[in-house]
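Step one of this worksheet: look at the structure below.
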Amino acid sequence: MRSTLTEGKFLFYIIGATLLLMLIHIYHPQLAMLYDRTNYVSFHTLLEFFSIVISMAIFLNGWKRLEKERTRRILFISLTFFIVGMVDLLHTLSFKGMPYFITPSSVEKATWAWVIARILESVFMLMVLLLPDKKLKKDYRTAALLFSAFFVVVAVFLIIFYEKRLPMLVIEGKGTTLIKNGIEYAVSFMQFLSIIISLYQYYLKKKLSELYVALAFTFLFLSELNFTIYLSIFDIDNFSGHLFKMVGYYFILKGIYFSSSNDTEEIMEEDISNKIEAVMIEHPGILFKFKKIGDHFVYTYCDGDLLYQMGYSPSEMVGKDVAGFFSGKESNILDFYQFAWETRERITFNARWRNKSIVISLMPLFEERNKSEVMGVVTDISDIVQTGQEPKPYPPVIEILRFRQGNK
């Protein structure tokens with residue numbers, strides 16, 4: 001699935017989310033009058049289950065990818081969302097107003113599950129962004145999953161059976177405590193660092209998955225700020241915080257889950273390109289590409305055995321004006337270049353260049369985002385002309401060019 005996020009859309013989403021958050025607080029009294037608290041538990045369950053499903057989807061996707069890729073980054077991401085998804089499930093089932101779950105549902109039980117999930121999510125994801133990725137020598141999935149499951153069981157046991165002994169996080173009707181706010185601000189700080197790191201990595205790599213992750217953490221950051229100001233777990237601030245979290249998880253899904261298929265396609269395309277490149281370099285003639293910059297045609301690629309025979313190297317050709325390599329009667333070759341560029345039609349013609357008889361085939365490659373180029377093949381037919389034989393076509397090269405154009 002191809003990603004459609006652009007830098008412009010990224011800024012639009014961030015500005016829109018910030019404005020929405022501001023409007024919620026500016027018109028808080030008016031919205032509170034329209035807001036029906038009796039429906040909150042149902043909406044809360046739907047919003048949380050959306051996030052839980054995404055967490056499990058990321059976990060399962062990572063689990064499958066680890067069969068072949070076995071990298072530390074994928075292992076960390078997969079197990080992080082397994083743990084977070086399971087603790088979020090406890091938060092959802094124990095939310096006040098939900099049916100009896102092992103012990104009666106309560107504010108404290110649900111809130112402690114919430115903060116534990118957010119701490120783990122922010123710490124582990126920050127580690128994923130900071131630690132360099134590396135290949136794993138062994139398949140650690142089973143051991144890591146058992147450890148993660150044990151961690152979840154311990155966390156659930158402590159929250160359920162030691163709920164009354166844990167510090168108070170929320171006083172219903174009065175708001176969050178200093179401990180709760182301190183935890184939320186610490187989580188917000190780590191998420192802010194994740195935004196900066198993701199944007200920096202996007203700047204270096206230009207991978208849209210990094211931009212999606214930065215956008216996801218922006219929504220999660222705004223979500224955490226909401227959870228420091230609500231007075232009741234049923235009020236509109238708590239609801240809007242869960243709404244921002246849901247959107248953040250959607251972008252995490254886009255950045256982590258869908259980007260895996262894009263990465264696979266990029267690897268396949270790069271592999272195909274490298275193999276074709278190797279064939280082209282060994283070609284006995286010359287293979288080249290050029291594009292028009294201003295009023296001049298400029299080489300963007302040039303290689304082949306004939307190029308070296310003529311005393312040139314690829315570095316001497318790339319970036320240079322095409323006209324500089326033709327003089328006198330050879331200058332009519334430029335007319336064919338101009339024809340191929342303007343008409344976007346393939347053309348093959350005979351010419352003389354540096355006392356050699358050659359055949360040049362030009363194939364325009366016009367794509368989106370100003371990537372228009374013309375690819376060409378030069379074949380030396382001097383020996384054939386001297387013997388008086390009829391020049392024969394060179395189908396393998398044409399097939400290579402067609403194959404390459406089809407895989408762009």
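Quick note: the coordinates plus some simple rules give every number you see, no bench work behind them. Model, not experiment: these values are computed from the prediction. Because the Cβ atoms are built from the backbone with ideal geometry, glycine has one as well, and the counts that use them run over all protein chains shown.
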_Please rank T300, T4, T379, T111, fewest neighbouring Cβ atoms within 10 Å first, as an exposure proxy._
T4, T300, T379, T111
_What is the distance in Å between the Cα centroid of the range 159-189 and that of the range 193-236?_
21 Å
*All other residues with a Cβ under 13 Å from the Cβ of F221 taken together, and with Lys, Arg as +1 and Asp, Glu as -1, what is their net charge?*
-1
*Sum of side-chain charges, F339 neighbourhood, beta-carbon under 14 Å (Lys, Arg +1; Asp, Glu -1)*: 0
*For F339, F290, F150, order by how many other beta-carbon atoms lie within 10 Å, fewest first*: F150, F339, F290
_Global form of the range 37-169, assessed from the alpha-carbon gyration tensor, a/c cut-off 1.5_ = prolate
*Relative contact order for the range 114-251, counting Cα pairs under 8 Å that sit 6 or more residues apart, in percent*: 24 percent
*So which of K64/K254; K207/K320; K9/K320 end up more than 28 Å apart by C-alpha?*
K207/K320; K9/K320
*Using bins 5 angstrom wide from zero, how does P(r) for the range 7-267 break down, in % of all Cα pairs?*
1, 6, 12, 18, 19, 17, 12, 8, 5, 2, 0, 0
*Take Y299, Y200 and order them by how many other Cβ atoms sit within 10 Å, fewest up front.*
Y200, Y299
